[in-house]
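Please treat every number below as a calculation from the coordinates, not as lab data. Note that this is a predicted model, so its numbers are computed, not measured. Ideal geometry is used to build each Cβ from the backbone, glycine not excepted, and the neighbour counts take in all protein chains shown.
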Amino acid sequence: MECRPHLVIDEAEQILQDESIIVRAFVGYAGWSKGQLEGELAQKAWLVQPAGRDILDVERCPTLWREITSSFGPWFKLLAEAPEDATGN
């Protein structure tokens, strides 16, 4: 896997000529002050799990968040399965 920040559309289109390569685009920003992330990890504010190669499988994208979140236990499974709009229940 290779992370290439600031990839422009023309470059992405050129890379996609190789059918064995998958390009994923993400828009957004997350930043931490010095030591903030380490502090949050120590507080267990993040759910952390080692990533296997199968996480890169494009076919898993629609269900990936639910699968990973559910793996942390029953409470997280309930959270992952909760409807987007609870008023529809």
Please give the length that would be gained between residue 15 and residue 58 if that part of the chain were fully extended, namely 0.36 nm times their separation in residues minus their C-alpha to C-alpha distance (nm, one decimal).
-> 13.8 nm
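Given Cβ point charges of +1 (Lys, Arg) and -1 (Asp, Glu) and nothing else, what value in debye, to the nearest 20, does the dipole of the stretch 1-88 about its Cα centre take? Spell out each step's value before the answer.
Numbers: 8 positive and 15 negative charges, 108 e Å.
Taking the Cα centre of the stretch 1-88 as origin, the dipole is about 520 debye.
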Three-way shape call for the chain based on the alpha-carbon gyration tensor, with the a/c threshold at 1.5 = oblate
From DSSP H assignment alone, runs of 4+ in the chain each adding -39500 (n - 2.57), the sum over residues rounded to the nearest 500 puts [θ] at 222 nm at -8500 deg cm²/dmol
